[in-house]
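Undergrad: Below is the structure I would like to discuss, written out as structure tokens.
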Amino acid sequence: MRGPKVPEAALELACRFEGFHAVHGADGGTRAHPYRCPGGYWTIGYGHRCAPNHPPITKAEARAYLQADLEQALTALLTSCPVVADGPPGRLAALLDFTFNMGAARLAQSTLRQRVNAGEWEAVVHELRRWVYAGGRVLPGLVARREAEIVLLDD
């Protein structure tokens, strides 16, 4: 029996908050090029980590990378927080977006993970609101992303 699939809401959140960083090429096409995210990692498309010399990609290629990245994050999320497999789909989407954004290792070592597995959902909201820093400063985009995830927790 297969576990949950990547919820569409997680794809939408990741696309919305990662954005597709593209430039118009000489051929008239729009391709994404590698860039450094606020956390200092080289990324391309919708937040896919890559080498700085990664070739440009189309929006369709970026979406395929995102799908694969979210599937990998889903496996990590369900390993760290198996309780979300049987919960509301919005909860799965919210925590999957968090896992994709902040990383599976951070989730696995976090108080957030403990609160999720204990079913302490008010405390989960508090914990999510703590994950808004990159490079030692609060990023408005992370604040907005965490709030969007919080909205999904009860869906």
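Values quoted throughout were computed directly from the atomic coordinates according to the rules given, and no laboratory measurement underlies them. Predicted model, so just to flag it, every value in this text is computed and none were measured. Using ideal geometry, Cβ is built from the backbone for each residue, glycine included, and neighbour counts are taken over all protein chains shown.
Undergrad: Considering Cα pairs under 8 angstrom that are at least six residues apart, work out the relative contact order of region 1-134 and quote it in whole percent. Don't skip to the end; give the middle numbers.
TA: On the way: 166 pairs, mean separation 28.9, N = 134.
Computed over region 1-134, the figure is 22 percent.
Undergrad: Moving on to the next point. Relative to the first principal axis of the alpha-carbon coordinates of the chain, what is the inclination of helix 140-152, with its axis defined by its Cα atoms, in degrees from 0 to 90 and to the nearest 10?
TA: 50 degrees
Undergrad: Please state the shape class of region 6-67: rounded when a/c is under 1.5, otherwise prolate if a/b exceeds b/c and oblate if not, all from the C-alpha gyration tensor. Kindly include the intermediate steps, with their values, before the conclusion.
TA: Numbers: a/c = 2.00, a/b = 1.29, b/c = 1.55.
Note, shape of region 6-67 comes out oblate.
Undergrad: Further question on the same structure: Based on Cα positions only, what radius of gyration and what Dmax would you give for the chain, in angstroms?
TA: My reading of the Cα-based Rg and Dmax gives 15.8, 54 Å.
Undergrad: Once both axes come from the Cα atoms, what is the angle between helix 8-18 and the longest principal axis of the chain, in degrees from 0 to 90, rounded to 10?
TA: Taking Cα atoms only, the helix is inclined about 60 degrees.
Undergrad: Right, something else. What ranking do 59, 5 get, fewest neighbouring Cβ atoms within 10 angstrom at the top?
TA: On the way: 59 16, 5 12.
Taking fewest neighbouring Cβ atoms as first place, the list is 5, 59.
Undergrad: Let me ask something additional. To the nearest 10 degrees, how steeply does helix 59-80 sit against the main Cα axis of the chain, on a 0 to 90 scale?
TA: Between helix and principal axis, roughly 20 degrees.
Undergrad: Can I ask one more? So, R0 is 22 Å and r is the distance between the beta-carbons of residue 16 and residue 154; what FRET efficiency does that work out to, to 0.05? Intermediate results must be reported in sequence, preceding the final value.
TA: Values: r = 19 Å, r/R0 = 0.87.
Plugging the Cβ-Cβ distance into 1/(1 + (r/R0)^6) gives 0.70.
Undergrad: Nothing charged except the Cβ atoms of Lys and Arg (+1) and of Asp and Glu (-1): what's the magnitude of the dipole of region 1-150 about its Cα centre? Round to the nearest 20 debye.
TA: Working: 17 positive and 14 negative charges, 65 e Å.
My answer is approximately 320 debye.
Undergrad: Then there is this: Only counting other Cβ atoms within 10 Å, I'd like 121, 131 sorted with the fewest neighbours first.
TA: Values: 121 14, 131 19.
With the fewest neighbours first, 121, 131 line up as 121, 131.
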